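Each remark here refers to the structure printed beneath this line.
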Amino acid sequence: MNIHVVDSFTDRPFGGNPAGVCLLPAGPWPEDQWMRRIAAEMNHSETAFALPSAAGADADWSIRWFTPLVETNLCGHATLATRHVLRTERGLLGPIRFSSRWNGVLVAEADADGTVVLDFPAAPGTRVPVPEGLAEALGVAPEATFRTGALGDLLTVLPDEASVRAVTPDLAALAELTRAEELRGVIITARAAGADGEHGSAYDTEHGAEYDFVSRFFSPSEGIPEDPVTGSAHTALAPYWSDRLGRESLTGLQASARAGLVRTVVLGDRVRLSGSAVTILSGTLGESAARGCGPGGGVDQQR
C-alpha cells in the first residue's frame, strides 16, 4: 500500500502545507485506530485516507482526515493533496466527487497543468464577544471575533498585517481556551498592507503574486501548534473578506514560516479554493504496518 507526502498550496517543494495521502483499496474502511496511528506516524497536520466508492454511489471516493491526535471534520490542503495524487498516480483529470462524513459531497477538479480547485461549503461567521483570555494568549487585542458554525473555528480580526505576522501565541493558553470554547482552532487575519503601508493588495515577492488578506491558524488542542496553510479556514476567511472588500475573487496569503497562497471565489453558500501541489515523497507501507489495515472501526466521535 502506497503512501505519499504532498506539499499543498504551493508550486515548489518545501513550501505550503505538507499532508500525508493514503489511497486505500476498495472495500470497507480500516479500523479508526489504524488510521490514527498512521497519521501520528506521518506527523503532519493532517493525513488523508481515500477509499474508492462502490458502483452507483453518489461520489467517486470517500475521504477522511486525521491529525496526529484526532479525526477532523474538514481539511482543504489534504483534500487538494489527495486530488493531486489521483492525477499524478492514476492519471485522473477533471472533477472528482469526494464523500465526507460531515460536509457531504466535496468536488475537487484537477487541470492538466496541476491546478486543483476545491468546491467547499462556505462558513460565514457570526460576530461574538472576544473570549476572555484570547488577547492575552495572542499577545494582541483583537478588533473582532466571529464563530464559524460547523467549521468550529474562531475567526479573529487583528488591526493590521504586521500584527498577524508578529503573533507568538501562548499555545498552552490557546489550547485551554479552544477546549473551553469547544473550538477546533483560532484563525487570525488582517487586510494586506499595500506597498505604501496603507491597506490594499500587497505583492508577495517569494510567490510572485498579489494577495488581499493575510492569516495564520492555530489548533494546539488538536495537535497542530500552527498549521502552515489551512484550506478549510479559507471557507470562513473568503466570505468575511469578500463582504468587506466587495469582491467575489480574492487571494489569501497564509503567513506561516512555510507560507502559501489560496485563491478564493465566493459563490453563494459555496467557496472555491484553488492552488497547486508538489509530491515530496512516495513510498510503501511496511508489511507489518499495512497488515493493520483491516475492516471495522465504528464511528469515531472525535471531530
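The values are calculated or read from the model by the stated rules, or taken from the named source; none is laboratory data. If you're wondering where the values come from, they're calculated on a predicted model, not measured in any experiment. Positions of Cβ are generated from backbone atoms using ideal geometry, with glycine treated the same way; all protein chains shown enter the neighbour counts. Remember, those area values only see protein heavy atoms, side chains included, never the ligands or the DNA or RNA. Shrake-Rupley method; radii C 1.70, N 1.55, O 1.52, S 1.80 Å.
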* **All positions within region 1-17 that are open to solvent by 20 Å² or more (accessible area, probe 1.4 Å) and in contact with a helix residue (DSSP H, G or I) (Cβ under 7 Å, 6 or more places away or on another chain)** => 1
* The listed residue being surrounded by fewer than 19 Cβ atoms within 10 Å (Cβ to Cβ), farther than 14 Å from residue 232 by Cα and in contact with a strand residue (DSSP E or B) (Cβ under 9 Å, 6 or more places away or on another chain), out of 157, 116, 105, 164 -> 105
* **Residue check, residue 95 open to solvent by 10 Å² or more (accessible area, probe 1.4 Å) and in contact with a Pro (Cβ under 9 Å, 6 or more places away or on another chain)** => no
* To do: Scan region 261-272 and give yes if some residue there is at pLDDT below 95 and outside any strand (DSSP E or B), otherwise no.
  => no
* For region 51-60, what are the residues that are within 12 Å of residue 104 (Cα to Cα) and not aliphatic (A, V, I, L, M)? -> 58
* To do: Please indicate, with yes or no, whether at least one residue in region 273-291 is within 19 Å of residue 17 (Cβ to Cβ), out of contact with any Lys or Arg (no Cβ under 8 Å at 6 or more places or on another chain) and free of Cβ contacts under 8 Å to residues at least 24 places away in the same chain.
  => no
* Please find, within region 215-240, the residue that is surrounded by the fewest Cβ atoms within 10 Å (Cβ to Cβ) out of those that are aliphatic (A, V, I, L, M) and part of a loop (DSSP other than H, G, I, E, B). => 233
* Applying the selection to region 167-195, what residues are outside any helix (DSSP H, G or I) and buried (at least 20 other Cβ atoms within 10 Å of the Cβ)? -> 169, 183, 184, 185, 186, 187, 188, 189, 190, 191, 192
* Restricting the search to region 18-75, which residues are among the charged types (D, E, K, R), surrounded by 20 or more Cβ atoms within 10 Å (Cβ to Cβ) and not in a strand (DSSP E or B)? -> 36, 46
* Structure fact -> Per the filter on region 143-154, residues surrounded by fewer than 20 Cβ atoms within 10 Å (Cβ to Cβ) and either at pLDDT below 95 or not in a strand (DSSP E or B) (or both) are 143, 149, 150
